[in-house]
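The values are calculated or read from the model by the stated rules, or taken from the named source; none is laboratory data. Because the structure is a prediction, the values reported are computed rather than measured. Cβ atoms come from the backbone with ideal geometry, glycine included; neighbour counts cover every protein chain shown. Ligands, DNA and RNA are stripped out before the accessible areas are found, and what is left, the full protein with its side chains, is counted by its heavy atoms. Shrake-Rupley method; radii C 1.70, N 1.55, O 1.52, S 1.80 Å.
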Amino acid sequence: MKKLISLLSLTILLSACAPASTPSDDEFTIAASFYPLAEMARNVAGDHAEVITITPAGSDPHEYEPSPKDIAAISESDLFIFNGAGQDPWAEKLELENTAIIHMTENFSLLEGEDHDHEEEGEDHDHEEEGEDHDHEEEEGHHHEFDPHIWLDPTQAAQEVEIIAEKMIEVDPQNAAIYQANADAYKQELLQLDSEYKETLVSCQKDSIITAHAAFGYMAARYGFNQIAIAGLSPEQEPSARKLAEIADLAEEEDIKYIFFETLTSPRISETLAQEVGAQTLLLDPVEGLTQEQIAAGENYVTVMRSNLKNLAIALECE
Ligand code: ZN
């Protein structure tokens with residue numbers, strides 16, 4: 001009798017253990033190169049997929065180099081999502097055999113960045129960005145850069161969510177209805193955010209902001225303000241002394257009272273410029289990754305974008 005009981009309890013114990021280990025083998029796993037893409041995938045997946053973020057919290061994705069462990073995790077996942085256009089240059093070179101891929105910026109028509117190798121003359125960028133519609137054919141030997149920061153326009157972020165949902169449904173059709181419902185709900189949240197931006201930024205005294213790096217081109221184009229960036233499309237493209245002097249002149253001409261800084265890179269240049277022109281500094285977060293502090297505080301893309309809107313309204317002097 002005793003033997004039977006212990007045998008029974010062993011069976012119960014074994015069956016209790018089993019569900020924890022087996023599903024992980026066939027669990028739907030998604031790897032995303034950096035935070036915003038992971039956040040979108042998580043919102044679509046709910047509990048139905050595991051989402052890994054390759055660029056760690058607190059790191060600048062422009063600079064991150066994946067470890068061999070990262071690469072192994074990506075090749076073991078069912079779906080890999082990356083941005084492209086130079087945001088995560090390592091990702092474009094990966095060769096994956098059994099992993100579905102989303103190269104996100106291939107689905108968008110991208111803005112052209114300033115060419116930082118040449119001294120910039122034109123301080124008056126009018127709002128018309130030159131060349132909205134490029135196809136992706138790179139001409140031989142040209143060195144145009146395209147702006148990778150599409151997620152900072154919430155309507156484009158909503159399109160990204162739809163692209164992610166479609167691919168997830170293709171890879172894991174069993175949960176199609178759930179993914180589509182989750183995607184629709186999150187897209188609604190992003191379009192609500194867009195409405196808040198439009199309403200808040202509709203009537204402002206100023207029309208230019210000075211940002212740490214040129215991350216806000218799509219946001220500026222959508223809501224009708226002008227971005228003057230200290231660094232280039234990547235924070236590592238630091239400005240020449242001449243460029244800095246030009247920005248300082250502009251700041252004084254336009255009576256700009258706030259210089260923006262970011263969370264993942266040093267605020268030093270923003271602070272120096274602010275001191276020079278008698279301005280204050282404010283945070284404008286390109287949401288390229290969360291810091292440990294932001295994670296601990298429960299922040300996410302939508303909450304950070306709401307804080308951004310508050311600070312934009314201060315700097316642009318909106319009513
Ligand atoms: Zn950036």
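The C-beta contact set for the stretch 214-231 (first residue within 17 Å of Ser270 (Cα to Cα), second residue open to solvent by 10 Å² or more (accessible area, probe 1.4 Å) and among the charged types (D, E, K, R), distance under 6 angstrom, 6+ apart or interchain) comprises Ala231/Glu238.
Going by the structure shown, is Lys206 away from the ligand (no atom under 16 Å from the Cβ), at pLDDT 95 or above and outside any helix (DSSP H, G or I)? Even if it seems obvious, please write down each step before you answer.
Details: away from the ligand (no atom under 16 Å from the Cβ): yes; at pLDDT 95 or above: yes; outside any helix (DSSP H, G or I): yes.
Taking the combined requirement at face value, the residue satisfies it.
When Leu244 is tested against (1) buried (at least 18 other Cβ atoms within 10 Å of the Cβ); (2) more than 10 Å from the ligand (Cβ to nearest atom), only condition (1) is not met. Residue selection: Ala20 fails the criterion of being open to solvent by less than 80 Å² (accessible area, probe 1.4 Å) and either assigned by TED's automatic domain parsing to the domain that holds Ala91 or at pLDDT 95 or above (or both). If I filter the stretch 165-180 for residues that are within 16 Å of the ligand (Cβ to nearest atom), under 30 Å from Ile81 (Cβ atoms) and assigned to a loop (DSSP other than H, G, I, E, B), do I get at least one hit? No, that holds for no residue.
Quick check: anything in the stretch 191-204 farther than 28 Å from Asp78 by Cβ, of a type in the set (Lys, Arg) and open to solvent by 20 Å² or more (accessible area, probe 1.4 Å)? Looking through the stretch 191-204, at least one residue is farther than 28 Å from Asp78 by Cβ, of a type in the set (Lys, Arg) and open to solvent by 20 Å² or more (accessible area, probe 1.4 Å). If the condition is being outside any helix (DSSP H, G or I), of a type in the set (S, T, N, Q) and within 16 Å of the ligand (Cβ to nearest atom), then the stretch 267-319 contributes only Thr291.
Of everything in the stretch 32-83 that is within 19 Å of the chain's Cα centre (by Cα) and among the polar types (S, T, N, Q), the residue that is nearest to Glu238 (Cα to Cα) is Ser59. Is at least one residue of the stretch 130-146 in a helix (DSSP H, G or I), at pLDDT 50 or above and either out of contact with any His (no Cβ under 7 Å at 6 or more places or on another chain) or surrounded by fewer than 20 Cβ atoms within 10 Å (Cβ to Cβ) (or both)? Scanning the stretch 130-146 turns up no residue that is in a helix (DSSP H, G or I), at pLDDT 50 or above and either out of contact with any His (no Cβ under 7 Å at 6 or more places or on another chain) or surrounded by fewer than 20 Cβ atoms within 10 Å (Cβ to Cβ) (or both).
For the stretch 209-225, the tally of residues that are of a type outside the set (A, V, I, L, M, F, W, C), assigned to a helix (DSSP H, G or I) and within 16 Å of the ligand (Cβ to nearest atom) stands at 2.
Please specify each residue of the stretch 247-295 satisfying the condition of being among the small types (Gly, Ala, Ser) and either open to solvent by less than 80 Å² (accessible area, probe 1.4 Å) or touching a Cys at 6+ places or on another chain (Cβ under 7 Å) (or both).
Within the stretch 247-295, the first condition is being among the small types (Gly, Ala, Ser), and the residues that meet it are 248, 251, 266, 270, 274, 278-279, 289.
Hits for the stretch 247-295 are Ala248, Ala251, Ser270, Ala274, Gly278, Ala279, Gly289.
Does Ala85 qualify as being hydrophobic (A, V, I, L, M, F, W, C), at positive phi and within 16 Å of the ligand (Cβ to nearest atom)?
On the way: hydrophobic (A, V, I, L, M, F, W, C): yes; at positive phi: yes; within 16 Å of the ligand (Cβ to nearest atom): yes.
Yes; evaluated as a whole, the condition is true for this residue.
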